[in-house]
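Trainee: After the structure tokens below, expect a handful of questions from me.
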Amino acid sequence: MINTKLPIYLASKSPRRRKLLNQLGINFKSFSVDLNEEVVDGEHPVKTVKRLALHKLEVAKRKVRKGIIITADTIVVLDKKIIGKPENKKEAKLFLSKLSGRTHTVYTGFAVYNSDTSKTILDYEKTFVTFRVLNKKEISDYVDAGSPMDKAGAYGIQDDFGAVFVSKINGCYYNVVGLPLSKLYASLHKIES
């Protein structure tokens, strides 16, 4: 268990990330960090998720004077191209069509900061996800239900129909949801002292 006297803050509006932290039995408060999650052409995915997690941390530090702050950013990569959150239903359908029958990589970068020590841990996780072949109707039905619009790659592996698109994963399941729990838990232990 995490034993810190400092309050813990999750700087994310993602209900999935909040649920994952709750799963660890951690008492925390959450707030959203609004920033443009800018993707730089040609930037390696690891560099992208770490940069975005750090950028979110810098914004979050302005809201929290004392405590431990957690930030994260998740992206989907196919053919060395980042597939972010879809802008509209048409783009969501395009993303899912591209992922159909293929293996893509999910990267999550995260930062954990302790205000007492000014120490920051920055890390990432990657997971390979294989989709079965999807038909146009199930893609259309899924997108029309609205679920994929706030998710990188236009799908969720948890809590909705997106789970049946996945035929296998290689790596951390929780990373695909939005927080690599094992690595995050280890980082929280390192930073609390």
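Trainee: For residues that are free of Cβ contacts under 8 Å to residues at least 60 places away in the same chain and either assigned to a loop (DSSP other than H, G, I, E, B) or farther than 18 Å from Ile82 by Cβ (or both), tally how many sit in the stretch 130-154.
Mentor: Just the residues of the stretch 130-154 that are free of Cβ contacts under 8 Å to residues at least 60 places away in the same chain, to begin with: 130-147.
This time we only want the ones that are either assigned to a loop (DSSP other than H, G, I, E, B) or farther than 18 Å from Ile82 by Cβ (or both), so: 130, 132-147.
The number of residues fulfilling the criteria is 17.
Trainee: Between a first residue in the stretch 80-98 that is assigned to a loop (DSSP other than H, G, I, E, B) and surrounded by 13 or more Cβ atoms within 10 Å (Cβ to Cβ) and a second residue that is aromatic (Phe, Trp, Tyr) and at pLDDT 95 or above, which pairs have beta carbons less than 8 Å apart while being 6 or more apart in sequence or on different chains?
Mentor: Once the first residue is assigned to a loop (DSSP other than H, G, I, E, B) and surrounded by 13 or more Cβ atoms within 10 Å (Cβ to Cβ) and sits in the stretch 80-98, its partners that are aromatic (Phe, Trp, Tyr) and at pLDDT 95 or above give Pro86/Phe95.
Trainee: Next question, about the same structure. Under 20 Å from Ser182 (Cα atoms), among the polar types (S, T, N, Q), buried (at least 20 other Cβ atoms within 10 Å of the Cβ) and touching a helix residue (DSSP H, G or I) at 6+ places or on another chain (Cβ under 6 Å): is that true of Thr74 in this structure?
Mentor: yes
Trainee: Mind telling me which of the residues Val40, Val33 ends up being farther than 18 Å from Leu184 by Cα, free of Cβ contacts under 8 Å to residues at least 12 places away in the same chain and out of contact with any Pro (no Cβ under 8 Å at 6 or more places or on another chain)?
Mentor: Details: Val33 fails: free of Cβ contacts under 8 Å to residues at least 12 places away in the same chain.
That would be Val40, the only listed residue that is farther than 18 Å from Leu184 by Cα, free of Cβ contacts under 8 Å to residues at least 12 places away in the same chain and out of contact with any Pro (no Cβ under 8 Å at 6 or more places or on another chain).
Trainee: Now for a different question. Failed condition for Ile8, given (1) within 18 Å of Ile75 (Cβ to Cβ); (2) of a type in the set (A, V, I, L, M); (3) in contact (Cβ under 8 Å) with a residue 12 or more places away in the chain, with all others met?
Mentor: (1)
Trainee: If we keep just the residues of the stretch 24-50 that are part of a loop (DSSP other than H, G, I, E, B), of a type in the set (S, T, N, Q) and out of contact with any Lys or Arg (no Cβ under 8 Å at 6 or more places or on another chain), which is modelled with the highest pLDDT?
Mentor: So, considering only residues that are part of a loop (DSSP other than H, G, I, E, B), of a type in the set (S, T, N, Q) and out of contact with any Lys or Arg (no Cβ under 8 Å at 6 or more places or on another chain), the one modelled with the highest pLDDT is Asn27.
The values are calculated or read from the model by the stated rules, or taken from the named source; none is laboratory data. For clarity, every value in this text was computed on a predicted model and none was experimentally measured. Glycine also receives a Cβ, built like all others from the backbone with ideal geometry; neighbour counts cover every protein chain displayed.
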